[in-house]
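*Asks:* Input: one structure, supplied below.
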Amino acid sequence: MPTVEYISRHIGTTQQKYTQRGGVRPFGLAMLLAGVDPDGKPQLWSTDPSGVYSAWKANAIGRNSKSLLEMLEKSYVDGCSTDDAVKLAVKALLEVVESGAKSIEIGIMRKGTGMTMMTEADISTVVEGIEAEKKAEAEAAGEEAARSASVTAGAGRM
């Protein structure tokens with residue numbers, strides 16, 4: 001069975017061959033390839049139209065990918081649970097999709113079982129949890145700002 005790295009290298013090599021001819025780049029897209037190697041290790045590889053391929057722990061391509069990559073670099077933790085990885089992926093996707101859970105599809109790859117797709121209801125549950133966390137963080141930040149303002153106002157009354 002070919003590894004994810006082998007497939008990525010093959011695709012990248014094919015893409016790169018076409019860059020040898022002037023003005024020809026028929027594969028005008030970047031791809032993320034995910035899978036599980038025979039040893040059970042999850043793999044994520046990307047290719048771009050020039051033929052460059054590389055391995056990642058977390059990656060984003062497309063619109064707003066730069067800001068998403070920054071978020072992933074800050075938030076990704078090696079060895080995280082499947083639930084934490086799904087939550088991080090949904091947080092990243094919520095930055096770029098407009099209609100929330102209805103526009104998100106998540107597939108989970110595992111050795112032996114292949115890929116299973118999350119239901120829309122499960123994704124909605126994750127989205128609701130993220131929104132509740134954001135609301136709680138905003139309320140806590142508002143309370144902290146109010147406390148700071150009252151301390152400042154109280155200091156000026158002497």
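*Asks:* Tell me yes or no: at least one residue of the stretch 39-47 is free of Cβ contacts under 8 Å to residues at least 12 places away in the same chain, loosely packed, with under 12 Cβ neighbours inside 10 Å and not acidic (Asp, Glu).
*Replies:* Yes, the conditions are met somewhere in the stretch 39-47.
*Asks:* For residue 95, indicate whether it is more than 17 Å from the chain's Cα centre (by Cα) and over 30 Å from residue 3 (Cα atoms).
*Replies:* Here the answer is no, as residue 95 does not meet what is asked.
*Asks:* Keeping to the stretch 105-119, report how many residues are among the aliphatic types (A, V, I, L, M) and out of contact with any strand residue (DSSP E or B) (no Cβ under 6 Å at 6 or more places or on another chain).
*Replies:* Summing the residues that are among the aliphatic types (A, V, I, L, M) and out of contact with any strand residue (DSSP E or B) (no Cβ under 6 Å at 6 or more places or on another chain) in the stretch 105-119 gives 2.
*Asks:* I'd like to know if the stretch 65-78 contains one or more residues that are open to solvent by 60 Å² or more (accessible area, probe 1.4 Å) and modelled with pLDDT under 90.
*Replies:* No: the stretch 65-78 contains no residue that is open to solvent by 60 Å² or more (accessible area, probe 1.4 Å) and modelled with pLDDT under 90.
*Asks:* In addition: Scan the stretch 67-125 for residues that are in contact (Cβ under 8 Å) with a residue 12 or more places away in the chain and at positive phi and report the count.
*Replies:* 1
*Asks:* Continuing with this model, one more query. Within the stretch 112-121, can one find any residue that is farther than 30 Å from residue 18 by Cβ, touching a helix residue (DSSP H, G or I) at 6+ places or on another chain (Cβ under 8 Å) and outside any loop (DSSP other than H, G, I, E, B)?
*Replies:* Yes, the stretch 112-121 contains at least one residue that is farther than 30 Å from residue 18 by Cβ, touching a helix residue (DSSP H, G or I) at 6+ places or on another chain (Cβ under 8 Å) and outside any loop (DSSP other than H, G, I, E, B).
*Asks:* Taking the stretch 1-37 only, how many residues are modelled with pLDDT of 85 or more and part of a loop (DSSP other than H, G, I, E, B)?
*Replies:* 4
*Asks:* Continuing with the same structure: Identify all residues within the stretch 101-121 that are surrounded by 12 or more Cβ atoms within 10 Å (Cβ to Cβ) and of a type in the set (Val, Ile, Thr); write none if there are none.
*Replies:* Within the stretch 101-121, 104, 106, 108 meet the criteria.
The values are calculated or read from the model by the stated rules, or taken from the named source; none is laboratory data. Remember, predicted model here, so these are calculated numbers, not experimental data. Cβ: placed from backbone, ideal geometry, glycine included. Neighbour counts: every protein chain shown. In case anyone asks, the SASA skips ligands and DNA or RNA and just uses the protein heavy atoms, side chains included. Shrake-Rupley method; radii C 1.70, N 1.55, O 1.52, S 1.80 Å.
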